[in-house]
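The values are calculated or read from the model by the stated rules, or taken from the named source; none is laboratory data. Since this is a predicted model, take the numbers as computed values, not measurements. Methodologically, a virtual Cβ is constructed for each residue, glycine included, from the backbone with ideal geometry; neighbour enumeration extends over all protein chains shown. Accessible surface areas use protein heavy atoms only, side chains included; no ligands, DNA or RNA. Shrake-Rupley method; radii C 1.70, N 1.55, O 1.52, S 1.80 Å.
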Amino acid sequence: MAGPEFEVPKMSEYTEVPKIKEGAMAHAKSFPAAEASQTSLGFPWKLTDDWHDRAINRMGELLVKYRGLRVFMDACVHCGACTDKCHYFLGTADPKNMPVARQDLMRKVYRRYFTLPGKIVPWLVGAEDLTKETLDDWYSYYHQCSECRRCSVYCPYGIDTAEITMAGREILNTVGMGQKYTSEIIAKVFKIGNNLGLPGPALEDTLLGLEEDIEADTGVAVKLPLDVKGAEILLVTPSADFFSEPHVESLIGYAKVLHAAGASWTFSSYASEAGNFGLFNGNYETMRKVAMRIRDAALELGVKRIIVGECGHAWRIAYAFWNTLTGLGYGGNDPFSIELQKQLDPRYKQPSHICEYTWDLIQRGVLKFDKSLNDDRVITFHDSCNVARGSRMGDEPGGQFTIPRNIIRAVANNFHDMAPETIGEATFCCGGGAGILTDDLMEVRVKGALPRMNAYNAVAQEKGVNFMALICAICKAQFTKVVPYYGFDMSQIGGVHQLVSTAIKLEQD
Amino acid sequence: MSSLTVFYIGLFYFATFVLVAGLTYRIYEYWKTPAPLSIPTTPAPTTRTGAVFRVAREVALFESLFKSNKWIWVFGYLFHIGLALVLLRHVRYFSEPLYSFLVFIQPFGEYASFVMVAGLAGLWARRFLVDRVRYISTPSDHLILALLIAIGISGMSMTFVAHTDIVNLKGFVRGMMTLDFQPLPTDANLLVHLFLVALLMIIFPVSKLLHAPGVFFSPTRNQVDNPREKRHIAPWAAALERDNS
Ligand code: HEM
Ligand code: SF4
Ligand code: SF4
C-alpha cells in the first residue's frame, strides 16, 4: 500500500467531537464525469452556459415534486442537534460536513430565490446568490455525504440530509457537473446489466468455477444456476458478490443455504445487479430504469419469489422502493402492479432479504450447523446504514437489527456487539456509501471511517473481536480497503453468509 | 380615538391576516406536495396509529431531540412548555366568559414566563459558546431569540413590576374582535410588548418558525413503514409509469 497523502486520524476509546476546522476538506474533489457516461444518463457533461437558470429551475421542480425537500428547506431551526452526528464531520472537523451546514449550502440558495425574506433581506437570513463557487462547494460537500441518514435520526423534525444531498447531486448533474464514479456505474448497468460491467458469458463462467470450488471443498454438488426459466426463486445480489473478496464468500453461503433447503432458484444474467446507484444521485427516472430490469427478469423467468443478497442500499431500494418503482410487492391495484402480483407467491414477503430467508429456515430447523467451525472468530456485527435506517426485516420494527444477529448467534459461538451508541439506528456509516467508494475520495473514506474504527477497536481490545460481519457490498469493499490504514487486517471483514457458509452442514447426496 | 390606538388596531389586523393567510398557504403547499417514495427513518411504526403516535411524541416530548442532545432538549423543552403555558394564560384576554380552567392556570402561566425566558437564554448561550452552533447561526437566528426574550421580558414587567390596566386592555382586544373599538392603554411596556408580538406574528410564516407546521409534514416521521404491503405512488410518478412502461 502506498503511503497516504493525508494524515490518518488516531483512534481513541470514544469518538470525540472535534473543534471545527474551516475548509479542512474543501480540497476533496471527486473526479468529474465525462461525456460518454453522462450522455447515456441524459445529462450534459460540462458546465452549461445557462447553468444558473437551469439550476434554479431544477430546484424549483424538485421542490414541488418532493415534500421532504420542501419541508426540510423550511423547517430547520439551526438548533445544532445534528452537528456532531455525521461521521464525516467527526473524522474531518470540516464544519461544512456538519449535516445542517451541508443542508445550508442548498438552503441559502433556496432562501434567496424561493422565500420572501431571502429576496428582500438576504444578509439577515443567510441567503446567498447561486454562484459558480456555490456549485463547486456543492460538488465538494455533496460528495462527502454517504446519504447514511444518521443525522435524520437525531433531528427533531427528522430532516434527512441524504434527501438534500440527492437533490444537490441531481441539480449538479442537470448543469453538467456529474461525478465520474456514479455516472460510469449507472452507464454500465444501462448497457450491460450490472455495476461491474460483467457480461452474461463471463458470469456463467464465474458461476461454473465457483461450483467446482464448492464441490472440491465440501464434496457436495452445490449449484449456482443462471437464467433458469420456471425456477421458484430469483436471487438478485450485488454484482460484487460474483468475484470480489470477501463478497464471494457470502455468495457461496447463499448457495449452500438454498441447496440445503432444496430450493428451486436462479440468478438472472439480465438482472445481475441488486445495487442501484440511481438512488445516490436522487434521480427518480434513473432509479426506476435500473430497478425495472429486475421486474422484467422476474416476469421473463416466471419466478414466484424474489430474494435480495447482502447489500445495504440495494436492500433499501428493494424493500422500500421496488413496489413504488416497479410494482414488485403487494397492494397495487393498477394493471402494471397486478401483472406481477399474480405471478408472485403471496405466502412470502416480496421482496425478501436473504437474511429473512435464512433465519426462517433456521427457526424451522431446516439448516444444521457446526458452530465450532467458526470458533477461530470473535465476531461483531456492523449495521449498514441503509439497512438500519431505511428498511426493515421480518414483521417487527427493528427486525433489521435482530435477524442478522440471530443468524450469527446460530452459526457461531463468539459474538459481541460494539458500543450501543454506534450500532442499531445509531450505527456509524462505513464511510464509503452513496458514491464515495472511489479512490479519488480516499481521504474522505479513511477519515469518515474513524467513528466505526474507534468502536471496532474498542471491542477488539476488550473482547478480542477479530471479525466484523456485515451485510453490505459497499461496506465490505470500503472496509477491506480502509481498515489497513487503522492497523487491522482486511481478513477481519466479511459477510454474515460467509459465517453461515463456514458452519453449515451439507448432506452428501 | 388616538392615532396610537388606530395604529395598533391596523397593526394587529395586518399581523393576524399575515399569520393566518401565510400559514394556511404554507400548510397547503406542504399538503399538496407529494412524497413520492417511502422514506420513514427506520425503525418506524408499521401502522398508521403508530405513525400518529410517533409524530405526537415528537411534538409533545421532542423525542428525537432527547436522543440527540440533552442540553438543547432541556432548554428547548423549558422554552416551549413555558411558551405553551404563557399562551394559554393569555386566552383570558380574548375569552368571554372566563372559564374556570383559565383561572386555574393563571398562576402557572405567570411563572411559566420565567421558565420560557430561562430556556431561551440557554439556547442563546449555546449560539455563542458552542463553536459548531456559532458556525451555523445566522443573524436571524439571534434576532428571533432576542425578539422572544424581549416579548417575555416586556410581558413580565407588566405582571411583576408595573401593572398595566388589564380591564382596559381586554376592552381593546375584545373591541378588535367585535368591531366595537376601544382605546388602548398607553403604558410603554405594553406598547413595546404588543408591537413585538405583532412582529412575531408577521414573520411566522416566512421564517424558521415554520418548524411548527413542518414537524407534522416531515415524511421521515409521519410515514408508515409498510412499503412491501402497500404501493406508495405519487401522482407524477404514476403519470411517468403510464407514459413509459
Ligand atoms: C408544534 C409546535 C412546536 C414544536 C413541536 C416545536 C419544536 C421545537 C424544537 C424541537 C426545537 C428545537 C430545539 C430548540 O431549540 O428548542 C424548536 C426550536 C425553536 N422553536 Fe419551536 N416548536 C413548536 C412551536 C413553536 C412556536 C409556536 C414558536 C414561537 C412562536 C417556536 C419557536 C422556536 C424557536 C425560536 C426555536 C429556535 C430556538 C433556538 O434558536 O435555538 N416554536 N422548536
Ligand atoms: S446523511 Fe450521513 S453522511 Fe450525510 S450528512 Fe447525514 S450523517 Fe453525514
Ligand atoms: S437537528 Fe435538524 S433542526 Fe436542528 S440544526 Fe440539524 S437539521 Fe436543523
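Could you list, in sequence order, the residues of the range A:17-34 that are under 26 Å from the mean Cα position of the chain (by Cα) and open to solvent by 60 Å² or more (accessible area, probe 1.4 Å)?
Within the range A:17-34, A:17, A:27, A:29, A:31, A:32 qualify.
Being away from ligand 1 (no atom under 16 Å from the Cβ) and facing chain B (nearest Cβ under 7 Å) is the filter; apply it to the range A:56-91 and report the residue that is surrounded by the fewest Cβ atoms within 10 Å (Cβ to Cβ). Step through it out loud before you land on a result.
As a first pass, look at the range A:56-91 and keep what is away from ligand 1 (no atom under 16 Å from the Cβ): A:56-70, A:73, A:86-91.
Filter again for facing chain B (nearest Cβ under 7 Å), leaving A:64-68, A:70.
Numbers: A:64: 14, A:65: 18, A:66: 24, A:67: 24, A:68: 27, A:70: 23.
Taking the candidates together, the pick is A:64.
If a residue counts only when it is closer than 29 Å to residue A:69 by Cβ, open to solvent by 70 Å² or more (accessible area, probe 1.4 Å) and hydrophobic (A, V, I, L, M, F, W, C), which helices (runs of 4 or more DSSP H) contained entirely in the range B:1-107 have at least 2 such residues?
Values: elements: B:3-32, B:48-61, B:63-68, B:70-90.
Filter on the range B:1-107 gives B:3-32, B:48-61.
Would you please name the residue that is farthest from ligand 2 (Cβ to nearest atom), looking only at residues in the range A:116-144 that are over 25 Å from residue B:206 (Cβ atoms) and open to solvent by 10 Å² or more (accessible area, probe 1.4 Å)?
A:132
Within the range A:282-295, is there a residue that is more than 21 Å from residue A:347 (Cα to Cα) and among the polar types (S, T, N, Q)?
yes
Counting only residues that are at the interface with chain B (Cβ under 9 Å from one of its Cβ atoms) and open to solvent by less than 10 Å² (accessible area, probe 1.4 Å), how many does the range A:333-351 have?
So the first thing to find is which residues in the range A:333-351 are at the interface with chain B (Cβ under 9 Å from one of its Cβ atoms), and the list is A:333-334, A:336-337, A:349-351.
Now restrict to residues that are open to solvent by less than 10 Å² (accessible area, probe 1.4 Å): A:337, A:350-351.
Total satisfying the criteria: 3.
Mind checking which pairs have a first residue in the range A:110-129 that is on the phi < 0 side of the Ramachandran plot and a second that is part of a loop (DSSP other than H, G, I, E, B) and open to solvent by 40 Å² or more (accessible area, probe 1.4 Å), Cβ under 9 Å, 6 or more apart or different chains?
A:111/A:128; A:112/A:128; A:112/A:129; A:113/A:129; A:118/A:128; A:122/A:128; A:122/A:129; A:127/A:121
Select from the range A:14-25 the residues that are modelled with pLDDT under 95 and touching a helix residue (DSSP H, G or I) at 6+ places or on another chain (Cβ under 6 Å) and list them in ascending order.
Answer for the range A:14-25, where residues must be modelled with pLDDT under 95 and touching a helix residue (DSSP H, G or I) at 6+ places or on another chain (Cβ under 6 Å): just A:15.
Looking at (1) touching a strand residue (DSSP E or B) at 6+ places or on another chain (Cβ under 6 Å); (2) assigned to a loop (DSSP other than H, G, I, E, B); (3) over 16 Å from residue B:227 (Cα atoms), which is the only condition residue A:357 fails?
Among (1) touching a strand residue (DSSP E or B) at 6+ places or on another chain (Cβ under 6 Å); (2) assigned to a loop (DSSP other than H, G, I, E, B); (3) over 16 Å from residue B:227 (Cα atoms), the lone unmet condition for residue A:357 is (2).
Let me confirm something: among A:446, A:411, which residue is within 16 Å of ligand 2 (Cβ to nearest atom) and among the β-branched types (Val, Ile, Thr)?
A:446
Rundown of residues vs (1) within 11 Å of ligand 1 (Cβ to nearest atom); (2) surrounded by fewer than 20 Cβ atoms within 10 Å (Cβ to Cβ); (3) within 7 Å of chain A (Cβ to nearest Cβ), yes/no style:
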{"residue": "B:192", "(1), (2), (3)": "no, yes, no"}
{"residue": "B:195", "(1), (2), (3)": "no, yes, no"}
{"residue": "B:210", "(1), (2), (3)": "yes, no, yes"}
{"residue": "B:217", "(1), (2), (3)": "no, no, yes"}
{"residue": "B:229", "(1), (2), (3)": "no, yes, yes"}
{"residue": "B:232", "(1), (2), (3)": "no, no, yes"}
{"residue": "B:236", "(1), (2), (3)": "no, yes, yes"}
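Residue B:119 - would you say it is assigned to a helix (DSSP H, G or I), within 14 Å of another protein chain (Cβ to nearest Cβ), buried (at least 19 other Cβ atoms within 10 Å of the Cβ) and in contact with a helix residue (DSSP H, G or I) (Cβ under 6 Å, 6 or more places away or on another chain)? Quick ask: steps written out before the conclusion?
Numbers: assigned to a helix (DSSP H, G or I): yes; within 14 Å of another protein chain (Cβ to nearest Cβ): yes; buried (at least 19 other Cβ atoms within 10 Å of the Cβ): yes; in contact with a helix residue (DSSP H, G or I) (Cβ under 6 Å, 6 or more places away or on another chain): yes.
It is true that residue B:119 is assigned to a helix (DSSP H, G or I), within 14 Å of another protein chain (Cβ to nearest Cβ), buried (at least 19 other Cβ atoms within 10 Å of the Cβ) and in contact with a helix residue (DSSP H, G or I) (Cβ under 6 Å, 6 or more places away or on another chain).
Can you tell me which residues in the range A:97-118 are more than 7 Å from chain B (Cβ to nearest Cβ), closer than 21 Å to residue B:142 by Cβ and among the charged types (D, E, K, R)?
Across the range A:97-118, the qualifying residues are A:107, A:108, A:111, A:112.
Got a number for residues in the range A:41-93 being over 22 Å from residue A:110 (Cα atoms) and away from ligand 3 (no atom under 16 Å from the Cβ)?
9
Restricting to the range B:1-30, what's the tally of residues that are of a type in the set (Phe, Trp, Tyr) and in contact with a Lys or Arg (Cβ under 9 Å, 6 or more places away or on another chain)?
So the first thing to find is which residues in the range B:1-30 are of a type in the set (Phe, Trp, Tyr), and the list is B:7-8, B:12-14, B:17, B:25, B:28, B:30.
Checking which are in contact with a Lys or Arg (Cβ under 9 Å, 6 or more places away or on another chain) leaves us with B:30.
The qualifying residues number 1.
Matching residues to (1) hydrophobic (A, V, I, L, M, F, W, C); (2) within 24 Å of residue A:456 (Cβ to Cβ); (3) assigned to a helix (DSSP H, G or I):
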position: A:365; (1), (2), (3): no, no, no
position: A:377; (1), (2), (3): no, yes, no
position: A:383; (1), (2), (3): no, yes, no
position: A:388; (1), (2), (3): yes, yes, yes
position: A:392; (1), (2), (3): no, no, no
position: A:396; (1), (2), (3): no, no, no
position: A:400; (1), (2), (3): no, yes, yes
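In the list A:53, A:104, A:94, which residue meets the criterion of being open to solvent by 20 Å² or more (accessible area, probe 1.4 Å), of a type outside the set (A, V, I, L, M) and within 16 Å of ligand 2 (Cβ to nearest atom)?
A:104
Considering every residue within the range A:170-193, establish whether at least one is part of a helix (DSSP H, G or I), within 14 Å of another protein chain (Cβ to nearest Cβ), within 15 Å of ligand 2 (Cβ to nearest atom) and closer than 24 Å to residue B:218 by Cα.
Within the range A:170-193, none of the residues are part of a helix (DSSP H, G or I), within 14 Å of another protein chain (Cβ to nearest Cβ), within 15 Å of ligand 2 (Cβ to nearest atom) and closer than 24 Å to residue B:218 by Cα.
Filter the range A:214-237 down to residues that are open to solvent by 90 Å² or more (accessible area, probe 1.4 Å), in contact with a helix residue (DSSP H, G or I) (Cβ under 8 Å, 6 or more places away or on another chain) and under 24 Å from residue A:508 (Cα atoms), then give me how many there are.
Of the residues in that region, 1 qualify.
Only one of these conditions is not met by residue B:133: (1) more than 18 Å from residue B:73 (Cβ to Cβ); (2) within 10 Å of ligand 1 (Cβ to nearest atom); (3) crowded, with 19+ Cβ neighbours inside 10 Å. Which number is it?
Among (1) more than 18 Å from residue B:73 (Cβ to Cβ); (2) within 10 Å of ligand 1 (Cβ to nearest atom); (3) crowded, with 19+ Cβ neighbours inside 10 Å, residue B:133 violates only (1).
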